[in-house]
There are 2 protein chains.
Amino acid sequence: MRFTSQTSSDGVTEQFFTLDEIPGVLWTPEGACGTRPLILLGHGGGQHKAAPANVSRARRYAAEGFAVLAIDAPGHGDRPQDEEFGRIAAEMRAGMAAGRNPGALVAGMHGHLAGQAVADWQAVLSAVQRLDRVGAGPVGYCGLSMGCGLGIPLIAAEPRIRAAVLGLLGVHGLAEDAARITVPVRFLVQWDDQLVPRDQSLALFDALASAHKTLHANPGRHGEVPSFEEDDSLRFFTRQLS
Amino acid sequence: MRFTSQTSSDGVTEQFFTLDEIPGVLWTPEGACGTRPLILLGHGGGQHKAAPANVSRARRYAAEGFAVLAIDAPGHGDRPQDEEFGRIAAEMRAGMAAGRNPGALVAGMHGHLAGQAVADWQAVLSAVQRLDRVGAGPVGYCGLSMGCGLGIPLIAAEPRIRAAVLGLLGVHGLAEDAARITVPVRFLVQWDDQLVPRDQSLALFDALASAHKTLHANPGRHGEVPSFEEDDSLRFFTRQLS
């Protein structure tokens with residue numbers, strides 16, 4: 001794990017790093033030492049580890065005492081795009097433009113990335129938990145849209161993750177992994193999501209095996225999750241991981 | 001308005017009263033004086049103003065500074081049951097036992113009670129707002145199941161109500177009034193509700209005209225709303241009415 005930059009402001013330290021080929025960011029409270037709960041932050045499709053929405057949420061959670069970790073998903077941010085990724089992305093865009101079922105197209109893209117994404121998260125999680133200022137404390141995962149599509153296979157495979165905020169995605173391709181998830185989940189739905197049909201979204205919530213899961217639905221389109229849901233997610237992680 | 005008893009404990013004063021034929025309870029912080037936000041608490045079918053779930057929520061909210069008001073719905077608690085009510089209630093029970101659509105049966109009962117219930121709430125609200133320790137501050141309404149069925153016509157008719165917690169009910173008979181509601185709403189759904197079909201419940205949320213409305217769905221049957229939703233409702237009212 002090689003740290004490439006470090007800055008601190010408003011009580012939060014932000015460190016960029018690479019682990020093998022994986023570029024990432026770690027946020028911790030300034031001067032942190034000792035084990036603390038850790039949130040893995042999965043970004044949306046076409047976004048990256050330090051997209052404004054990620055950074056704002058990460059700094060907020062770190063200011064409350066959490067460690068927060070984000071990495072670029074395969075084919076995103078500072079990572080190379082392989083030929084297959086380019087082909088699938090182009091097919092997805094063309095299919096959407098032609099009015100084909102976005103659920104199937106998006107699931108195809110996520111399916112292509114998921115195997116690598118799960119391995120990346122597991123490697124980075126292990127490395128970060130060896131740092132004194134993070135340690136092997138409780139772990140949560142927060143990811144919407146593609147962050148949900150790559151997060152569900154991760155949570156199904158990774159017993160260290162004990163709570164998750166998911167949503168903005170339909171069930172396509174995810175039912176089996178969702179049925180293996182039993183940790184507490186907050187699941188966000190945008191009631192007027194132009195990319196995710198409502199029934200597909202409710203079906204993904206339904207498919208989660210968790211006894212403790214809550215769906216929060218708000219009016220608005222795919223990207224318009226109200227900011228009070230970020231506060232609510234913070235309370236949820238605080239309750240589940242403290 | 002005639003107060004018939006008063007007790008105080010744990011910082012909350014509980015006063016039973018009658019206004020004309022309407023029996024009610026008012027909870028306020030002990031020693032309260034001056035205007036404060038007021039929550040109207042509508043009880044469920046077959047319940048009454050001082051049912052344990054109502055009292056527990058009311059005392060909690062009063063301890064946080066709210067005034068909280070509950071009254072017996074027509075035909076419930078200390079109120080007489082008219083012949084028509086008895087006939088409709090018997091028909092509802094028989095219909096449910098025979099496997100008929102519970103949405104239509106319940107809506108018939110609520111429709112019979114709603115006109116009187118709305119007039120009762122408006123009269124008691126006006127009387128309570130004349131008390132120095134309540135005053136004409138912002139008003140919220142909280143009612144699930146029958147409390148939602150009688151609350152929706154009330155909120156549609158009553159401009160003093162500025163925020164509401166509703167749910168555990170389907171759209172049957174309520175679409176028109178719901179379309180007249182524009183105040184912020186929290187809407188609770190039990191995902192495995194044996195009395196309210198899921199699609200009917202989602203349709204009632206859909207029918208609300210409020211730009212700010214959030215649906216919270218949790219696993220479990222009709223009466224099994226998790227207690228953390230009560231905390232969330234308190235935060236919602238605090239934010240909306242302060």
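Every number in this text was worked out from the coordinates using simple rules, so none of it is lab data. Just so we're clear, the structure is a prediction, and the values are computed from it rather than from any experiment. All Cβ positions, even for glycine, are placed from backbone atoms using ideal geometry, and neighbour counts span all protein chains on display.
List the lysines whose Cα sits under 24 Å from the Cα of B:K213, skipping any in the same chain fewer than 8 residues away.
By straight Cα distance, B:K213 reaches A:K213.
Please report the orientation-averaged projected area of the range B:59-146, defined via the convex hull of its C-alpha atoms, in nm².
Working: hull surface 28.6 nm².
Average of the hull's projected areas for the range B:59-146 equals 7.1 nm².
By count of other Cβ within 10 Å, fewest leading, how are A:D120, A:D206 ordered?
With the sparsest Cβ surroundings first, the list reads A:D206, A:D120.
One decimal, nm, shortest first: give the distances between the label point of A:R59 and those of the same position in the other copies, each label point 7 Å from Cα along Cα→Cβ.
Output for A:R59: 4.5 nm, nearest copy listed first.
Dividing the Cα radius of gyration by the Kirkwood radius, what Rg/Rh value follows for the range A:2-241?
Numbers: Rg = 16.9 Å, Rh = 17.9 Å.
Looking at the range A:2-241, the ratio lands at 0.95.
Per residue of the protein assembly as shown, what 222 nm ellipticity follows from adding -39500 (n - 2.57) for every DSSP H run with n ≥ 4, rounded to the nearest 500?
-12500 deg cm²/dmol
For the range A:90-207, what ratio Rg/Rh do Cα atoms give with a Kirkwood hydrodynamic radius?
Rounded to two decimals, Rg/Rh equals 1.01.
Enumerate the calculated ³J(HN,Hα) couplings along the range A:114-121 in order (Karplus 6.51 cos²θ - 1.76 cosθ + 1.60, θ = phi - 60°), each rounded to whole Hz, writing x wherever the residue is Gly or Pro.
After applying 6.51 cos²θ - 1.76 cosθ + 1.60, I find 4, x, 5, 4, 5, 4, 4, 4 Hz.
Which of rounded, prolate, oblate describes the protein assembly as shown, given a ≥ b ≥ c as roots of the alpha-carbon gyration tensor eigenvalues and a/c under 1.5 marking rounded, otherwise prolate only if a/b is larger than b/c?
Since a/c reaches 1.5 and a/b is larger than b/c, the shape of the protein assembly as shown is classed as prolate.
Angle between the Cα long axis of helix B:52-63 and the longest principal axis of chain B, 0 to 90 degrees, nearest 10?
Value to nearest ten degrees: 40.
If you take the charge dipole of chain B about its Cα centre, with +1 on Lys and Arg Cβ and -1 on Asp and Glu Cβ, which of B:F236, B:L105, B:S201 is farthest toward its positive end?
With unit charges placed on the Cβ atoms, the residue in question is B:F236.
Kindly provide the trypsin sites (Lys or Arg not before Pro) of the range B:168-242 that DSSP labels as loop, not H, G, I, E or B, and whose Cβ sees at most 15 other Cβ atoms within 10 Å.
Here the sparse-neighbourhood loop sites are B:R180, B:R221.
Share of antiparallel DSSP beta bridges in the protein assembly as shown, in percent to the nearest 5?
Details: 41 of 87 bridges.
Roughly 45 percent of the beta bridges in the protein assembly as shown run antiparallel, per DSSP.
For B:T7 and B:S56, compute 0.36 nm times the residue count separating them, minus their Cα-Cα distance, and round to one decimal in nm.
Working it through step by step, the gained length comes to 16.1 nm.
Nearest-to-axis residue of chain B, judged by Cβ, for the B-to-A rotation, with distance in whole Å?
B:H216, 3
Taking each residue in A:215-228, count the Cβ atoms of any other chain within 10 Å of its Cβ, then average. What number comes out?
Numbers: counts 7, 6, 10, 4, 9, 1, 0, 0, 0, 0, 0, 2, 0, 5.
Per-residue shielding by partner chains comes out at 3.
Work out how far the C-alpha atoms of the range B:53-108 reach from end to end along every principal axis, then list the three figures in whole Å, largest first.
46, 24, 14
To make sure I understand, if each residue's beta carbon is the centre and we count other beta carbons within 10 Å, what order do A:L202, B:L41, B:L169 fall in, fewest to most?
A:L202, B:L41, B:L169
Taking each label point as 7 Å beyond Cα in the direction of the beta carbon, state the distances from A:G115 to the same residue in the other copies, shortest first, in nm.
A:G115 label point versus its equivalents elsewhere: 6.9 nm.
Mind checking the full-extension length gain between A:E230 and A:D199? Use 0.36 nm per residue of separation minus the Cα-Cα distance, one decimal, nm. Don't jump to the answer; show the numbers that get you there.
On the way: separation 31, 0.36 × 31 = 11.16 nm, distance 2.38 nm.
Full-extension gain reported as 8.8 nm.
For chain A, take the longest principal axis of its alpha carbons; what is the angle in degrees between that and the long axis of helix A:228-241, to the nearest 10 within 0 to 90?
With both axes taken from Cα atoms, the answer is about 60 degrees.
Relative to the longest principal Cα axis of chain A, at what angle does helix A:146-157 sit, 0 to 90 degrees, rounded to 10?
Taking Cα atoms only, the helix is inclined about 70 degrees.
Relative contact order of the range B:85-242: what whole-number percent is it, with Cα pairs under 8 angstrom and at least 6 residues apart?
Value for the range B:85-242: 19 percent.
Are there GluC sites (Glu not before Pro) in the range A:182-242 that DSSP puts in a loop and that have at most 15 other Cβ atoms within 10 Å, and which ones?
Here the sparse-neighbourhood loop sites are A:E224.
Over the Cα atoms of the range A:12-112, what is the Rg over Rh ratio if Rh follows Kirkwood? Walk me through the intermediate numbers first.
Working: Rg = 16.4 Å, Rh = 15.1 Å.
We get a ratio of 1.09 for the range A:12-112.
Show me, for the range A:159-171, the HN-Hα J-couplings you get by feeding each phi into the Karplus relation (A = 6.51, B = -1.76, C = 1.60, θ = phi - 60°), rounded to Hz, glycine and proline as x.
So the J values, rounded to whole Hz, are x, 6, 7, 10, 6, 8, 10, 9, x, 6, 7, x, 6.
Can you list the copy-to-copy distances for A:A175, using a point 7 angstrom from Cα toward Cβ, in nanometres, shortest first?
Computed spacing set for this position: 3.0 nm.
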